[in-house]
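We did not get these values from a lab; they are worked out from the coordinates using the rules stated. Note that the structure is predicted; figures quoted are calculated from it, not measured. Quick reminder, even Gly has a Cβ in these numbers, built from the backbone with ideal geometry, and neighbours come from all protein chains shown.
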Amino acid sequence: MNLKFFSGLAVLGALAFHAGAWDYENHHVVNELALASLPADFGGFTLTPALKDRIAFLAGEPDRWRNIGDLSLKHVNGPDHYFDLEDIALCGLTPETLPPLRYDFVADLARARAAHPEKFPAIDPAKDADHTRELDGFLPWAITEYYEKLKSGFSTLKALRQYGGTPQEIANAQANIVYVMGVMGHFVGDGAQPLHTTKHFNGWVGENPKGYTTKPTFHGWIDGGYLKKTGALKAETLAGKIHPAEKIANADEPEGMFRDAVAYLVEQNKYVEPLYEMEKTGQLSGAVGKGLEGRPFLEGQILKAGQMLGNIWLTAWLDAPEDTYLQRQLEQRSAAATSN
């Protein structure tokens, strides 16, 4: 598949790694906006300033996993940050027919490559040390899986509260929830960066009749360079535009959250060409005047991510099922303690 570049180092040269969406500060803002959307009783425990700071800090965690060169971590982490929607057609798939299970999709990719290798771009082994170039990205699966992890965390917490968990157990369960909330925010934030939904992730590739930029620094400029030049984003200046989080209506259906995650990415993919058009017409230059016209668009994408993330968090809390196994274990422990 297409080469992926780590945007933080793009200015130093092209590395075969997918770019990270938004700079750390902007990922931080996404999580802060999602927190601002939550009701006061969210989770059944107080999201103190310290916990909110922790959730915001964790927005950068998946990018921090790139600070070592170990291939196993690159192999498993890199593809979770993107999904190249145009390439699924090579496998005979559409957004509507994508399988909801990650490894079913991997099998579809493998079968398609084996049956029609001529359809797929050649892969340079020298640029595929982490063995991810055959992949199309796993972002909608990553979002769905983190949602399910968060539901699991809330199920545990509910059981501990209701059936005699110790204060230490409850505190640990809350800490687990905070961790998953924070980390999953990174991937939802990635999804709102249109260049994370396309093979044109870092300069236009292939036929280019409209003359869009092919610069390998474009992704890094959108992630943070432009916003740094035009004034860093502040959550407090955008918080007034965030709406109270809402439960996602179909999330409790077997494929509900996955289909919503795919739809979220499909919607952002619609802005890939308009983003390139803004670059072409100078709206993303950062220069005074016309060069500032692209800022409201990028702010809007950050807001979309924060809103989607808040909705997912709220839905995970409301839809968390009873943990009947843990309930039985806690009841047995309580009965044994009473009999002694």
### Message
Using helices alone, I'd like the mean residue ellipticity at 222 nm for the chain: each DSSP H run of four-plus residues gives -39500 (n - 2.57), total over residue count, nearest 500.
### Response
-16000 deg cm²/dmol
### Query
For region 179-219 and region 19-95, what is the separation of their C-alpha centers, rounded to whole Å?
14 Å
### Extension gain, ARG113 back to ASN172 (0.36 nm per residue minus Cα-Cα distance, nm)
16.7 nm
### Task
Measure out, as a whole number of angstrom, how far apart the alpha-carbon centroids of region 322-340 and region 256-312 sit.
50 Å
### Query
In µm²/s, what is D for region 173-231 at 20 °C and 1.002 mPa s, where D = kT/(6 pi eta Rh) by Stokes-Einstein and Rh is the Kirkwood radius from Cα pairs?
157 µm²/s
### Query
How do 245-251, 48-54, 260-266 rank on mean C-beta neighbours within 10 Å, highest first?
260-266, 245-251, 48-54
#### Entry: Test item: Cα-centred dipole of region 7-332, Lys/Arg +1 and Asp/Glu -1 on Cβ, debye
740 debye
### Query
Suppose R0 equals 22 Å; then what is the FRET efficiency for ASP104 and GLU148 from their Cβ-Cβ distance, rounded to the nearest 0.05?
0.85
### Query
Can you count the Lys pairs in region 31-158 whose Cα atoms are under 25 Å apart, with each pair 8 or more apart or on different chains?
7
